[in-house]
2 protein chains.
Amino acid sequence: MGIQQKRSKYREEFRREILAEARELFITEGYEKFTMRKLAGKIDYSPPTIYLYFKNKDDLLLAICEEVAEQYFANLKLIIARYTDPLQTLRQALLYFIEFGFNNPHQYKVFFSMKPDLYGKKEEFMEKESMAKNSYLIFREIVQDCIDAGRLRAMDTDVMTQSLAVAVQGLVLMTIYRQSFPWADRNLLASALVDCLLRGYLK
Amino acid sequence: MGIQQKRSKYREEFRREILAEARELFITEGYEKFTMRKLAGKIDYSPPTIYLYFKNKDDLLLAICEEVAEQYFANLKLIIARYTDPLQTLRQALLYFIEFGFNNPHQYKVFFSMKPDLYGKKEEFMEKESMAKNSYLIFREIVQDCIDAGRLRAMDTDVMTQSLAVAVQGLVLMTIYRQSFPWADRNLLASALVDCLLRGYLK
DNA sequence: ATGTTAACTTATCGTCGTTAAGGAAGTTTT
DNA sequence: AAAACTTCCTTAACGACGATAAGTTAACAT
C-alpha cells in the first residue's frame with residue numbers, strides 16, 4: 001500500500017508536469033499548432049507516453065481548461081473580497097473577466113476547441129465538481145447579491161447571470177477570434193459594454 | 001472570347017454546385033465531421049478536383065461564410081423595411097440575429113472554424129467587398145439612426161454597434177458551443193439580453 | 001532465480017489536407 | 001487530317017495528425 005501510494009504520487013507528479021508543459025506549449029504556439037506529438041517532443045518522451053496519463057487529447061484539453069478556470073476562480077475571489085458594494089463587485093467581476101480573456105487569449109481558446117459536450121451531458125455539469133462550475137456559481141452569487149440588495153431588477157437569477165456572462169464572453173471571443181475585423185479600442189468596448197449591461201439591469 | 005466566357009460560365013456553375021453540396025454537408029454532418037474527402041465523395045469526384053475550384057479548405061469555408069452572410073443580410077434588409085421606429089428596428093435586428101444563430105448553428109460555426117485572419121489583414125476587411133462587411137455596415141446604420149433620432153445615447157457609433165453585436169453573438173456562440181452547460185431557456189435569455197442592452201443605451 | 005508489473009518505446013493504422021504527375025478528351029493550329 | 005495544346009479529372013503519394021498494438025526494459029516481489 002505504501003509503495004502503491006508512492007507510485008501513484010510520482011504518477012500524479014508526472015501528470016502535472018505534462019500538463020504544465022502542455023499549457024506552456026498552448027500559450028506559446030497557440031491552439032492551432034498544439035499537437036500531441038509536439039508536446040511529446042517538448043517533454044522528451046514518445047507520443048504514446050502521454051496517453052498513459054491522459055485518455056486522449058480532449059481529456060488533456062479539459063485538464064488545461066480546469067487549470068485555467070482555477071486560476072480565474074482564484075483571482076475572482078480576491079476581487080470579490082476587495083469590494084463591499086455588490087454592484088461595484090459585479091462591475092469589477094465583469095471587467096476582470098474581460099481582462100482575463102484579453103490577457104490570456106490562448107487559454108481562452110481552449111474552451112472553444114473542445115467538443116460541445118466535453119463537460120458531460122447537460123445534467124452532469126452541475127453534479128460533477130469542476131472549476132468551471134465553481135466559477136459560474138460564484139458569479140451567480142454576485143448577481144444574486146445585487147438583486148437581494150435591491151440594486152438590480154428582480155428577475156430570474158440564472159437568466160440575468162447567464163445573459164451578463166454571454167455578453168462579456170462574446171466580447172472576448174469576437175475580438176480574439178475575428179482579428180480581421182476593425183474593432184474599436186478593446187478597453188473602450190469593454191467599459192461601454194459593462195456600463196450598458198449594468199444600466200440595463202439597474203432597478 | 002465567346003468560348004472563354006462559356007467555359008468560365010460552366011466553371012462557375014460547377015463551383016457553385018460544390019459550394020451548395022459543401023453547405024449541405026456542413027449542415028447535416030456538422031463542422032467537426034466536414035472533410036474535403038467527404039465532400040469529394042458527396043459530389044462523386046476525387047478529392048483533388050475540389051482544389052481546381054477552391055484554393056484550399058479555408059478558401060471554401062470563406063465562400064460558405066459569404067453565402068451564409070448573404071442569406072442573413074437579405075433577411076435583415078427585409079426586417080428593416082418592415083419597421084419605421086428606429087429603436088423597434090434595432091430591437092428586431094438584434095432578435096433576428098439571435099434567432100438566425102439559433103436556427104443555423106452549423107452555419108454559424110463556420111465563422112469560428114476559420115483562421116483568425118481569413119478575411120485578410122485588419123485594413124483589408126473594410127476595403128474588400130464582403131457580405132460580412134455589408135452586414136456590419138447595415139447594422140451600424142440602424143444604430144446610427146437610433147442615435148440620430150435621439151433615442152439612444154450619443155456616443156461613438158462603432159463602439160455602440162460593436163458592443164451590441166458582440167453581446168448577441170456571445171449568446172449564440174455560448175449556447176451553441178457549450179451544450180454541457182445548464183442554460184436557461186434560450187428565448188428567455190434572448191429577450192432578457194436584448195431588453196437589457198437597449199435599456200442600457202437608452203437616452 | 002523467477003514471475004510480475006509499470007513505464008516507455010517502436011511500429012503502425014487510419015484519416016486528414018494537399019500536391020505531383022499523368023492520362024483522356026476535346027479544341028486549336030498547321 | 002495530323003499534330004500540338006488545353007482543360008479536366010484521375011491515381012498516387014507526402015507529411016502530419018490522433019491513437020493503438022505489441023514489444024522492451026527495468027524495477028520490484030516472491
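What the table shows:
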quantity: Check on A:F26, crowded, with 18+ Cβ neighbours inside 10 Å, assigned to a loop (DSSP other than H, G, I, E, B) and within 12 Å of DNA strand D (Cβ to nearest atom); calculated: no
quantity: Tally, over the range A:128-144, of residues that are open to solvent by less than 80 Å² (accessible area, probe 1.4 Å) and without any contact (Cβ under 8 Å) to a residue 60 or more places away in the chain; calculated: 6
quantity: First in the range B:146-165 and outside any helix (DSSP H, G or I), second anywhere and of a type in the set (D, E), Cβ under 6 Å, 6 or more apart; calculated: none
quantity: The range B:44-63, residues that are within 9 Å of DNA strand C (Cβ to nearest atom), of a type in the set (A, V, I, L, M, F, W, C) and either closer than 15 Å to B:F111 by Cβ or assigned to a helix (DSSP H, G or I) (or both); calculated: B:I50, B:L60
quantity: Leading residue by the ranking (farthest from A:F100 (Cα to Cα)) among those in the range A:186-203 that are of a type in the set (D, E, K, R) and within 23 Å of the chain's Cα centre (by Cα); calculated: A:D195
quantity: Selection status of B:I27, in the same structural domain as B:Y177 (by TED's automatic domain parsing) and more than 10 Å from DNA strand C (Cβ to nearest atom); calculated: no
quantity: Number of positions in the range B:37-65 that are within 14 Å of another protein chain (Cβ to nearest Cβ) and either within 13 Å of DNA strand D (Cβ to nearest atom) or surrounded by fewer than 18 Cβ atoms within 10 Å (Cβ to Cβ) (or both); calculated: 2
quantity: Test: residue in the range B:66-81 that is modelled with pLDDT of 90 or more, surrounded by 15 or more Cβ atoms within 10 Å (Cβ to Cβ), part of a helix (DSSP H, G or I) and over 19 Å from the mean Cα position of the chain (by Cα); calculated: no
quantity: Hits in the range B:83-125 - residues which are farther than 19 Å from B:F139 by Cα, away from chain A (no Cβ under 13 Å) and surrounded by fewer than 16 Cβ atoms within 10 Å (Cβ to Cβ); calculated: B:N103
quantity: A:L173 vs. criteria crowded, with 22+ Cβ neighbours inside 10 Å, under 13 Å from the mean Cα position of the chain (by Cα) and at the interface with chain B (Cβ under 7 Å from one of its Cβ atoms); calculated: yes
quantity: Residues (among the hydrophobic types (A, V, I, L, M, F, W, C) and under 18 Å from A:I64 (Cβ atoms)) located in the range A:128-154; calculated: A:M131, A:A132
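The values are calculated or read from the model by the stated rules, or taken from the named source; none is laboratory data. The structure presented is a predicted model; accordingly, all values stated were derived computationally and were not measured. We place every Cβ from the backbone using ideal geometry, glycine too, and count neighbours over all the protein chains shown. Only protein heavy atoms, including side chains, enter the accessible area calculation; ligands, DNA and RNA are left aside. Shrake-Rupley method; radii C 1.70, N 1.55, O 1.52, S 1.80 Å.
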